[in-house]
């Protein structure tokens with residue numbers, strides 16, 4: 001199966017501070033070719049954690065399109081490489097306004 005930028009997938013997302021992972025939704029940010037050629041995806045965390053706002057957070061407004069059950073944010077500062085075989089399922093796809101917000105958040109975290 002192929003995944004495109006702005007697809008929402010459910011994956012075992014790795015923690016950045018310990019050797020563990022948690023099943024959660026994530027936003028695909030890699031090109032389709034990365035998945036096709038290398039069987040990997042770049043994904044950023046999606047979380048319902050409404051605590052401390054971090055640099056690169058973007059609030060999502062159309063939860064139905066994204067396939068999310070609760071108010072959520074894209075946490076662009078948390079990015080991971082996931083093997084294509086580890087994707088559990090596709091949940092949905094970000095709506096247009098949410099794509100714009102996620103892209104703006106990603107640009108604040110990228111160094112180019």
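The values are calculated or read from the model by the stated rules, or taken from the named source; none is laboratory data. These numbers come from a predicted model, not from an experiment. FYI the Cβ positions are ideal-geometry reconstructions off the backbone, even for glycines, and counts take in every protein chain you see.
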May I ask you to list the residues in segment 70-91 that are free of Cβ contacts under 8 Å to residues at least 40 places away in the same chain and in a strand (DSSP E or B)?
73, 75, 76, 77
How many residues does segment 28-53 contain that are within 11 Å of residue 4 (Cβ to Cβ) and either in a strand (DSSP E or B) or touching a residue at least 60 places away in the same chain (Cβ under 8 Å) (or both)?
3
When every residue in segment 54-69 that is assigned to a loop (DSSP other than H, G, I, E, B) and touching a residue at least 12 places away in the same chain (Cβ under 8 Å) is compared, the one nearest to residue 93 (Cα to Cα) is 67
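Condition check ((1) closer than 15 Å to residue 104 by Cα; (2) in contact with a helix residue (DSSP H, G or I) (Cβ under 9 Å, 6 or more places away or on another chain); (3) at pLDDT 95 or above; (4) surrounded by fewer than 13 Cβ atoms within 10 Å (Cβ to Cβ)) across all residues:
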{"site": "4", "(1), (2), (3), (4)": "no, yes, yes, yes"}
{"site": "15", "(1), (2), (3), (4)": "no, no, no, yes"}
{"site": "19", "(1), (2), (3), (4)": "no, no, no, yes"}
{"site": "27", "(1), (2), (3), (4)": "yes, yes, yes, no"}
{"site": "32", "(1), (2), (3), (4)": "no, no, no, no"}
{"site": "40", "(1), (2), (3), (4)": "no, yes, yes, no"}
{"site": "64", "(1), (2), (3), (4)": "no, no, yes, yes"}
{"site": "67", "(1), (2), (3), (4)": "no, no, yes, no"}
